[in-house]
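Here is the structure we will look at.
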Amino acid sequence: MRSPSTRLSALALAAIVAPVTIVAILGYVSLRQWQASAELLFREQARDVAAMAAEKVEMMLRVAEDALLDRLQAQLATGDVSEPALDRIVADSRLVRRLYVFERDGSLLSPRAWRDPADAALFGEALRGRTPSALERGGKRQVVAGGQVCLAVLLRARRDPVLVAYSRDPEALRRDILATSLAALESPTIMAVLDQDGRAVYARTPLERAEPVLAVPLREGLPNWRVAVYAPPGASPRDVVRRQVMLFTSAFGVLVAVIVAGVVLTWRLTRRETEMAQLKADFVANVSHDLKTPLSVIRMFGETLEMGRVPDEARRQEYYRIITHESERLSHLIDNVLDFSRIEGGRRRYDLAPTAVEPLIRETLDAFAYPLEQGGFKVEVTVAADLPEVAMDADAIGQALGNLIDNAIKYSDTDRVIAVDARREGEGIALSVTDRGVGIAAAEHARIFEKFYRVGRSETQGRRGSGVGLALVRHVAEAHHGRVSVQSAPGQGSRFTLWLPRAPGGGAWPAS
């Protein structure tokens, strides 16, 4: 059957997983919808920008060519179609690379010969199919010669139609038309112009790693050419959404981690508080039992003496001695509880004074003379001869040493030998209490000094004890800038060592 804590943990886990899953799904769906909307909006904006760019390119090209044709018309009106006159017009326009004037029958009027053999093929293709009736329409121009950038323009000179054909200078077209038209456009995208073969004739910035978005065709001025829009590296809606997904995932992961950490911490605190409440309840029960036992003994022997049922003087003295020792034992227990209360409240004070170690050990053992005698214990005391006085609170150290001796009495087994020794160790002295009792597992060595904690084994739980004795020993040791340690194993007894520095602040031994 599952415990309440297990059910609570499963419920807490479900309370985390369910909303986290819902939020993750909603976040993913929202991001996908946002990506679709962002891509659609991005393409619409890119199409508007590309159409605007195409119109601007065509307008600037038309203005430049209109200016060229107006000047050429004026020159033809004078009747001067000589080669130098045409060269001056070409030089001033800079957009024109080659310019030829043809008669109605297609023969060259000016210049009289082809400037480049390649021009014969280029302009011959432009003139092919141009009938005299086509010349009658006049004032028309269009791009001809297939994919070649070549214009044929019909004008009139002295009422006789002539055919003017010219080709553009690619560098001038790129510099004066495309760059001027597109460089001033403010857009986060990259604008480029592609020729009929898909090659980039002009691009505002390099196209490496740029992602193509769409292209808008140029119409009359540059047929088969296109104004293309590219997204800079990492600027496409897909890349933006990917970064948002990563950011959302990271933030979501941190949020989940914080929630899980909070739940775990709350669970641990709750579990700790539950354990502490149980330990406090056990503490009250143990203290009540420990108080009741000596009080019952004192009451029993006191009533016996009061009723005069002990005529033998030796027996009466023994009863008096039992009442005295039980009273001392009761006082020791009450002192432990009161000192622990002062420690918890931060009110415990220690008066340090130079104190001889050996008399303190003897006085502490004398206080336990009766229980040691009644339990059949053999006590071995070893005190080094060269021990100096140590700065300590004699009552507190005596109480801590008494707690160690009391534990040795309670947890001894059939081999009832207790050894107490004092020796120099480093810059201080070490007081050790050793028994041959039930011992303590290594895993519990650190916890036995916690308040209210008692070793959870059947051979120890039946023995009396409040669970604050070793906690008080550790506090006393640390208050003296010392420490307490334990060496123990199940079935091999225990050795508790209380180390105290000689100097009050834990300093070195003074020079002799």
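The values are calculated or read from the model by the stated rules, or taken from the named source; none is laboratory data. In this text, all values refer to a predicted model and were calculated from it rather than measured experimentally. As a convention, Cβ positions derive from the backbone with ideal geometry for all residues, glycine included, and neighbour counts pool all protein chains shown. For the accessible areas, the whole protein counts, side chains as well, though only heavy atoms, and no ligand, DNA or RNA atoms are used. Shrake-Rupley method; radii C 1.70, N 1.55, O 1.52, S 1.80 Å.
Across the range 331-363, which residue is modelled with the lowest pLDDT among those that are small (G, A, S) and in a helix (DSSP H, G or I)? That would be G345. Please go through the range 365-391 and give me each residue that is of a type in the set (D, E, K, R) and touching a residue at least 40 places away in the same chain (Cβ under 8 Å), ordered by number. Within the range 365-391, K378, E380 qualify. Going by what's in this entry, would V63 be described as among the β-branched types (V, I, T), surrounded by 16 or more Cβ atoms within 10 Å (Cβ to Cβ) and part of a helix (DSSP H, G or I)? Considered against the rule, which asks whether it is among the β-branched types (V, I, T), surrounded by 16 or more Cβ atoms within 10 Å (Cβ to Cβ) and part of a helix (DSSP H, G or I), V63 comes out as no. Does D197 satisfy being open to solvent by 40 Å² or more (accessible area, probe 1.4 Å) and acidic (D, E)? Yes: the conditions hold for D197. In the range 392-420, the residues that are free of Cβ contacts under 8 Å to residues at least 12 places away in the same chain form no Cβ pair under 9 Å with any partner that is buried (at least 21 other Cβ atoms within 10 Å of the Cβ), whether six or more places apart or across chains. In the set (1) more than 20 Å from R483 (Cβ to Cβ); (2) of a type in the set (S, T, Y); (3) modelled with pLDDT under 85, the condition left unmet by S412 is number (3). Cβ-Cβ distances below 8 Å connect the following pairs, each with a first residue in the range 478-504 that is touching a residue at least 12 places away in the same chain (Cβ under 8 Å) and under 15 Å from A446 (Cβ atoms), a second residue that is of a type in the set (K, R) and open to solvent by 20 Å² or more (accessible area, probe 1.4 Å), and a separation of six or more residues or different chains: V484/R474; V486/R495; S488/R495.
For A369, indicate whether it is open to solvent by less than 50 Å² (accessible area, probe 1.4 Å), at pLDDT 80 or above and within 56 Å of the chain's Cα centre (by Cα). No.
Any idea which of V227, V260 is touching a residue at least 24 places away in the same chain (Cβ under 8 Å) and more than 40 Å from the chain's Cα centre (by Cα)? Result: V227 is the single residue among V227, V260 that is touching a residue at least 24 places away in the same chain (Cβ under 8 Å) and more than 40 Å from the chain's Cα centre (by Cα). Yes or no: the range 386-394 includes at least one residue that is more than 58 Å from the chain's Cα centre (by Cα), open to solvent by 70 Å² or more (accessible area, probe 1.4 Å) and closer than 21 Å to D413 by Cα. No, every residue in the range 386-394 fails to be more than 58 Å from the chain's Cα centre (by Cα), open to solvent by 70 Å² or more (accessible area, probe 1.4 Å) and closer than 21 Å to D413 by Cα. The single residue among G129, G147, G79, G124 that is open to solvent by 10 Å² or more (accessible area, probe 1.4 Å), within 60 Å of the chain's Cα centre (by Cα) and modelled with pLDDT under 80 turns out to be G147.
Applying the selection to the range 232-250, what residues are without any contact (Cβ under 8 Å) to a residue 60 or more places away in the chain and either outside any helix (DSSP H, G or I) or open to solvent by 60 Å² or more (accessible area, probe 1.4 Å) (or both)? If the condition is that a residue be without any contact (Cβ under 8 Å) to a residue 60 or more places away in the chain and either outside any helix (DSSP H, G or I) or open to solvent by 60 Å² or more (accessible area, probe 1.4 Å) (or both), then P232, P233, G234, A235, R242, R243, M246, L247, T249, S250 are the ones that fit.
Matching residues to (1) among the hydroxyl-bearing types (S, T, Y); (2) modelled with pLDDT under 70; (3) open to solvent by less than 60 Å² (accessible area, probe 1.4 Å):
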| position | (1), (2), (3) |
| --- | --- |
| T6 | yes, yes, no |
| A12 | no, yes, yes |
| V17 | no, no, no |
| V20 | no, no, yes |
| I25 | no, no, no |
| S30 | yes, no, no |
| W34 | no, no, no |
| E39 | no, no, yes |
| Q45 | no, no, no |
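Each residue in the range 403-443 was checked for being open to solvent by less than 10 Å² (accessible area, probe 1.4 Å), assigned to a helix (DSSP H, G or I) and not hydrophobic (A, V, I, L, M, F, W, C), and 1 pass. Scanning the range 490-506 for residues that are aliphatic (A, V, I, L, M) and at pLDDT 90 or above yields L498, L500. Scanning the range 82-95 for residues that are part of a loop (DSSP other than H, G, I, E, B) and in contact with a helix residue (DSSP H, G or I) (Cβ under 9 Å, 6 or more places away or on another chain), which turns out surrounded by the most Cβ atoms within 10 Å (Cβ to Cβ)? That would be L95.
So which pairs qualify, if the first residue must be in the range 179-194 and within 19 Å of R43 (Cβ to Cβ) and in contact (Cβ under 8 Å) with a residue 24 or more places away in the chain, the second must be of a type in the set (S, T, N, Q) and assigned to a loop (DSSP other than H, G, I, E, B), the Cβ gap must be under 6 Å, and the two must be at least 6 apart or on different chains? Within 6 Å, the pairs are I190/T205.
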